[in-house]
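The values are calculated or read from the model by the stated rules, or taken from the named source; none is laboratory data. Keep in mind the model is a prediction, meaning the values are calculated, not measured. Cβ placement follows ideal geometry from the backbone for every residue including glycine, while neighbour counts extend to all protein chains displayed. Surface accessibility is based on the protein's heavy atoms, side chains included, excluding ligands, DNA and RNA. Shrake-Rupley method; radii C 1.70, N 1.55, O 1.52, S 1.80 Å.
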Amino acid sequence: MATLKALSRVENVIFRNVTATVKTNISRFSVSKSTSFKLFNACCWQTCGCYFSTLSQRSGRFYSDPLDAVKDIPNGATILVGGFGLCGIPENLINSLLKTGVKSLTAVSNNAGVDDFGLGLLLQTKQIKRMISSYVGENVEFERQYLSGELEVELTPQGTLAERIRAGGAGVPAFFTATGYGTLIQEGGSPIKYNKDGTIAIASEPREVCEFNGRHYIMEKAITGDFALVKAWKADKAGNVIFRYKFLFFSLVVQPYFRQAGSCFP
């Protein structure tokens, strides 16, 4: 209640300041009431527009070179990558990571691209240590590295993957879903990494099971990332992003991570 009262006081202060500014500007002209209302609305947006942002700190920066936008991604970072298949992926940022030479990345994405495009390029140079994805069927190098014990793979149902990312961005540590109950996802033991001799080096852990209204659900933990790479149509320095068409795929669920330590837009 105290917070609501404080926000109300701030809103009143802003409104009074805007009203005073608008009245000053409108008083210079002889206009009708309808025109005054239009001018008032226009001045309101011009005066207050900079305040409407989901960022706690308005420290976003624009870069003309995508390499400058990703050069501070360190070894061992977890990157959340938007797009679906080869559609709407941030190919310029991915290509820039090739140039930085960053290693031991954990990549969270719908898929791992193909051998010569998308995240497949980072697999070719062995810059990715672990893939968390829902589909990997069209990348020969991905398959080779996984089966030979060079790559860790955490296969996750697509809807569960999207919700794990969304939950992490919303501050929700875990959630329950019926997807995966009665499978290796629930039971554990699914191979994440193989030894060179084909035995399992790292296996998935069993999930906690709860029953709600007569139906069984398993607990899935949220995924949190260090950086989010997306391809968007428009962006501003306040961290607001507009997606179009295929750019929407999986990019919306990683967007909350733009709030962390500012945003960079190539």
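List of remarks:
- Seen from a random direction on average, the alpha-carbon convex hull of segment 59-124 projects onto 4.6 square nanometres.
- With K and R counted +1 and D and E -1, the other residues having a Cβ less than 15 Å from that of Met131 yield a net charge of 0.
- Listed residue pairs exceeding 28 Å between alpha carbons, taken from Lys126/Lys237; Lys129/Lys234; Lys129/Lys231; Lys103/Lys196; Lys71/Lys196; Lys103/Lys221: Lys126/Lys237; Lys129/Lys234; Lys71/Lys196
- Extension gain for Gln158 to Ala178 (0.36 nm times residue separation, less C-alpha to C-alpha distance): 5.9 nm.
- Segment 61-219: C-alpha gyration tensor shape, a/c 1.5 cut-off, then a/b vs b/c: oblate
- Across Ile202, Ile89, the residue with the most accessible area heads the list, and the full order at a 1.4 Å probe is Ile202, Ile89.
- Cα→Cβ-extended label distance, 7 Å offset, between Glu211 and Lys99, nm: 5.9 nm
- Once you reduce segment 125-148 and segment 72-88 to the center of their Cα atoms, the two points are 14 Å from each other.
- Here the simple spin-label model places points 7 Å from the Cα toward Cβ, and for Glu150 and Ser190 these points are separated by 2.4 nm.
- Linear extension gain, Leu86 paired with Thr199, 0.36 nm per residue minus alpha-carbon span: 37.5 nm
- For Cys87, solvent-accessible area (1.4 Å; no DNA, RNA or ligand), Å²: 60 Å²
- When nucleic acids and ligands are ignored and a 1.4 Å probe is applied, Lys193 ends up with an accessible area of around 60 Å².
- Net charge over other residues, Cβ less than 14 angstrom from the Cβ of Glu187 (K, R count +1; D, E count -1): -1
- Order of exposure, largest accessible area first, which applies to Thr106, Thr199 with probe 1.4 Å: Thr199, Thr106
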